[in-house]
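K.L.:
One structure coming up, written as structure tokens, with questions to follow.
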Amino acid sequence: MTDTLPLTMKAAICPAPGAALEIREVATPTPGAGQVLVRLETCGVCHSDLHLRDGQENLPDEFYPLILGHEGIGRVVQVGPGTRNAPAIGTRIGLPWIYDTCLTCKPCRTGHEVLCPDNTARGVQKHGAFAEYALCPADFAVEIPDGIDPLHGAPLLCAGLTAWSALRKTKVEGGTNVLILGAGGLGQYAILIAKTRGARVIVVDRDPAKLETAKRLGADVTVPAGAGAGAAIKEAGGADVTLNFAPSPVIWDTIEAAANPMSDIVAIAMVHDPMPLSMMWLIDGGHRVFGSSVGSRQELSDFLAFAAAHPLKVEVQPIALDDVNAALDALKAGEVAGRLCIDFAR
């Protein structure tokens, strides 16, 4: 297998913050000790990739040129020398946001490795999966179940996992009113997961087409974003759990007006501006407000098993690697109904 690997590969590289991706021929990476090499089959295109391409994450200049991409699925084709507990050649594994962590700090030891202060991310500190081949630490190789198609499975590694992990942190159960703010790709996964867990789902979005999609996916109530949305949600039963996928501080008025007593409010969207959170509102309502980002290896394994048993029918549009810039531009313009995914066979 090693002798047949090409010396070079095609990759989509961001040359500098705010620069368009460039399709280049670069050296195929060689796995070192503790690593495996993966031949990519698919890689989802995420809003985080857009933020990174457009220079919104303020990465140091020395991080560039950088291969983006953190929703990759592919098969192991090479194992680094001396690597222990590596997946066998031919095993299909995922290449998600978390590249590796220290494995020894308190967050790592208690199942919260995403909060490890020394974690590195794929497509940020380490080259990502917008490439024909990519490296993966053997300790962080999560096998993809046979029942998951690589094209529809790739977005599960970030978008789906993020929704799964956020819901897992809440007190959602049968009959819980779950409010989902933002019916893009992440919100759509949250709808399907919450419905499968028996929740009653209320969705808010400013785009009528996305509200129609939410209805098709099983949302019980849909509400147009804007003034009066909170009151309409309260009239519909209020929110016991709120997941915010809308990247804007203006959504806070809706959250506050919609919340039932003792509600859980999970911040997921990347909102850098402050929100007008009242301490007295927290005290009087007994609310919990907390953040959630992607998920751990164990959560990913659990979620993939769930998704294999309960297929999550979010629309996934395949694209070629050469078209990844146009895909990111479409995301930026709000023109993507579900998820976009690079198919390396195209």
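K.L.:
Working only within region 64-107, note down all residues that are under 22 Å from the mean Cα position of the chain (by Cα) and hydroxyl-bearing (Ser, Thr, Tyr).
P.N.:
Across region 64-107, the qualifying residues are 99, 101.
K.L.:
Which residue out of 21, 7, 37, 50 is assigned by TED's automatic domain parsing to the domain that holds residue 88 and within 20 Å of the chain's Cα centre (by Cα)?
P.N.:
50
K.L.:
Can I ask one more? Would you call residue 176 surrounded by fewer than 24 Cβ atoms within 10 Å (Cβ to Cβ) and either in the same structural domain as residue 81 (by TED's automatic domain parsing) or in contact (Cβ under 8 Å) with a residue 24 or more places away in the chain (or both)?
P.N.:
Spelling it out, residue 176 is indeed surrounded by fewer than 24 Cβ atoms within 10 Å (Cβ to Cβ) and either in the same structural domain as residue 81 (by TED's automatic domain parsing) or in contact (Cβ under 8 Å) with a residue 24 or more places away in the chain (or both).
K.L.:
Looking at region 294-346 only, could you name the residues that are part of a loop (DSSP other than H, G, I, E, B) and in contact with a Ser or Thr (Cβ under 7 Å, 6 or more places away or on another chain)?
P.N.:
Passing the criteria: 294, 295, 310, 337, 344.
K.L.:
Based on what the data block shows, is residue 31 crowded, with 20+ Cβ neighbours inside 10 Å and more than 23 Å from the chain's Cα centre (by Cα)?
P.N.:
Yes; evaluated as a whole, the condition is true for this residue.
K.L.:
Let me ask something else. Surrounded by fewer than 19 Cβ atoms within 10 Å (Cβ to Cβ), within 16 Å of the chain's Cα centre (by Cα) and farther than 24 Å from residue 58 by Cβ: does that describe residue 302?
P.N.:
Answer is yes for this residue.
K.L.:
Tally time: how many residues in region 208-224 are crowded, with 16+ Cβ neighbours inside 10 Å and in contact (Cβ under 8 Å) with a residue 40 or more places away in the chain?
P.N.:
Qualifying residue count, region 208-224: 3.
K.L.:
Of the numbered conditions (1) closer than 21 Å to residue 26 by Cα; (2) touching a Cys at 6+ places or on another chain (Cβ under 8 Å); (3) aliphatic (A, V, I, L, M), residue 93 fails exactly one; give the number of that condition.
P.N.:
Unmet for residue 93, out of (1) closer than 21 Å to residue 26 by Cα; (2) touching a Cys at 6+ places or on another chain (Cβ under 8 Å); (3) aliphatic (A, V, I, L, M): (1).
K.L.:
From the list 166, 267, 258, which residue is farther than 27 Å from residue 57 by Cβ and modelled with pLDDT of 95 or more?
P.N.:
The unique qualifying residue is 258.
K.L.:
From 82, 111, 90, 55, which residue is at positive phi, part of a loop (DSSP other than H, G, I, E, B) and in contact (Cβ under 8 Å) with a residue 60 or more places away in the chain?
P.N.:
Numbers: 82 fails: in contact (Cβ under 8 Å) with a residue 60 or more places away in the chain; 90 fails: in contact (Cβ under 8 Å) with a residue 60 or more places away in the chain; 55 fails: in contact (Cβ under 8 Å) with a residue 60 or more places away in the chain.
Selected residue: 111, the only one of 82, 111, 90, 55 that is at positive phi, part of a loop (DSSP other than H, G, I, E, B) and in contact (Cβ under 8 Å) with a residue 60 or more places away in the chain.
The values are calculated or read from the model by the stated rules, or taken from the named source; none is laboratory data. All figures in this text were calculated on a predicted structure; none of them were measured in a lab. Heads up, the Cβs are rebuilt from the backbone with ideal geometry, glycines too, and the neighbour counts pull from every protein chain shown.
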